[in-house]
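Just below is one structure, and these are the notes that go with it.
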Amino acid sequence: MEVTTMEGFKGLLNQREADQKIPNLKAIEEKIYSDEDVKSFLERHKSELDPQAVRKGTSALLEFIMERDARKNHQVVKAPGLEPSLEVHNGFILVNYSRTEEAIRQERERKRRKLIHSINMPKNIAEARFSDTALTPERQEVIGELLKFIEGYKPEDAEYQKGLYLAGPFGVGKTYMMGALANELSEHGIETTLVNVPTYSSEIKQAIATNSVESKLMTIKNTPILVLDDIGAEMNSAWFRDEVLMVILQHRMLQELPTFFTSNFTIEQLEAHFAHSNKGDQELLKAKRLIERIRFLAKEFFVDGINHRNPS
């Protein structure tokens with residue numbers, strides 16, 4: 001008798017719990033079927049869904065609403081980067097998840113950034129844009145040439161396109177314009193490597209000890225677009241001139257790979273710079289051979305103006 005009473009009590013409790021849940025279920029169902037997106041979906045697919053299919057799809061409809069609202073309210077969601085939508089498949093209501101516009105944009109941006117390889121370059125280069133560059137008379141011609149290069153460059157074309165050699169004083173925007181070039185090329189799916197030459201010269205000398213000079217050179221030699229930034233500012237070294245720069249430029253000349261330069265020296269001044277080794281020797285012929293390759297690879301432009309790094 002006691003067992004029967006206990007079982008009856010449990011049954012009563014279960015019934016009470018069920019009775020308490022019914023209003024909640026009804027409220028949830030009302031919320032589901034009064035939702036504008038759900039109403040619109042059911043109206044569009046009324047010929048495919050009978051009442052039983054709609055009832056069976058209640059949980060899918062609820063999932064859709066909860067996920068949609070969680071995104072709107074910036075709450076934790078089931079599938080980050082994906083947005084829910086309702087669909088009918090073989091007479092069943094399903095929730096389909098597809099990438100959001102923002103997720104697509106972020107993925108595209110990640111892929112774009114992977115096309116820009118920056119070796120010891122200033123941080124702001126990653127964000128450089130022509131649209132943010134003050135169009136001074138000194139820069140106008142250069143930017144026009146860079147845009148012409150971007151428009152005309154097709155990796156599969158047989159016709160070779162020269163790069164640019166930008167000479168000029170400190171802080172006039174030479175490096176920034178090269179960053180803008182790299183960013184614009186990345187929008188077209190083209191890979192660029194930007195190298196700060198003075199720092200690179202120090203690093204590659206250290207690579208001798210680890211026998212990794214060749215591996216460091218390979219990336220620079222073969223990158224589709226190369227920017228050698230601040231060439232001539234490195235410590236004078238016959239080894240760096242002949243075994244590094246000459247090797248890189250010779251390869252790029254033979255393969256007709258577009259190469260860009262920035263420097264505080266004009267090409268003529270750079271030749272005089274490279275003619276003197278750190279040992280005090282004059283090596284005019286070796287300097288001339290290097291400069292011939294630079295002239296083959298790039299057209300020279302002089303960029304003047306105020307020093308934007310340290311205006312006075």
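The values are calculated or read from the model by the stated rules, or taken from the named source; none is laboratory data. Since the model is a prediction, treat every value here as computed from it, not as a measurement. Because the Cβ atoms are built from the backbone with ideal geometry, glycine has one as well, and the counts that use them run over all protein chains shown.
Would you call R71 closer than 30 Å to E107 by Cβ, modelled with pLDDT under 90 and in a helix (DSSP H, G or I)? So R71 fits the description; yes. When residues in region 205-241 are screened for being in contact with a Phe, Trp or Tyr (Cβ under 8 Å, 6 or more places away or on another chain) and among the small types (G, A, S), 1 of them pass.
Among the residues of region 215-273, those that are of a type in the set (A, V, I, L, M, F, W, C) and outside any helix (DSSP H, G or I) comprise I225, L226, V227, L228, I231, A233, M235, L257, F260, F261, F265. Restricting attention to region 91-128, the residues that are surrounded by 12 or more Cβ atoms within 10 Å (Cβ to Cβ), farther than 30 Å from E48 by Cβ and without any contact (Cβ under 8 Å) to a residue 40 or more places away in the chain add up to 2.
Restricting A79, A60 to residues that are among the aliphatic types (A, V, I, L, M), assigned to a helix (DSSP H, G or I), in contact with a strand residue (DSSP E or B) (Cβ under 7 Å, 6 or more places away or on another chain) and outside the structural domain of T223 (by the TED database) narrows the list to A60. Using the structure shown, decide if V88 is among the β-branched types (V, I, T) and outside the structural domain of P169 (by the TED database). Criteria met by V88. The set of residues in region 84-102 that are of a type outside the set (V, I, T) and at pLDDT 90 or above comprises P84, S85, L86, E87, H89, N90, G91, F92, L94, N96, Y97, S98. Counting residues in region 166-173 that are farther than 30 Å from S40 by Cβ, in contact with a His (Cβ under 6 Å, 6 or more places away or on another chain) and at pLDDT below 85 gives one or more. Looking across E36, E7, one residue alone is acidic (D, E) and either more than 30 Å from R105 (Cβ to Cβ) or modelled with pLDDT under 90 (or both). It is E7. Could you please tell me which pairs satisfy a Cβ distance under 7 Å, a separation of 6+ or placement on different chains, a first residue in region 243-260 that is more than 17 Å from K288 (Cα to Cα), and a second residue that is surrounded by fewer than 22 Cβ atoms within 10 Å (Cβ to Cβ) and among the aromatic types (F, W, Y)? Close Cβ pairs satisfying both conditions: E256/Y160; P258/Y153.
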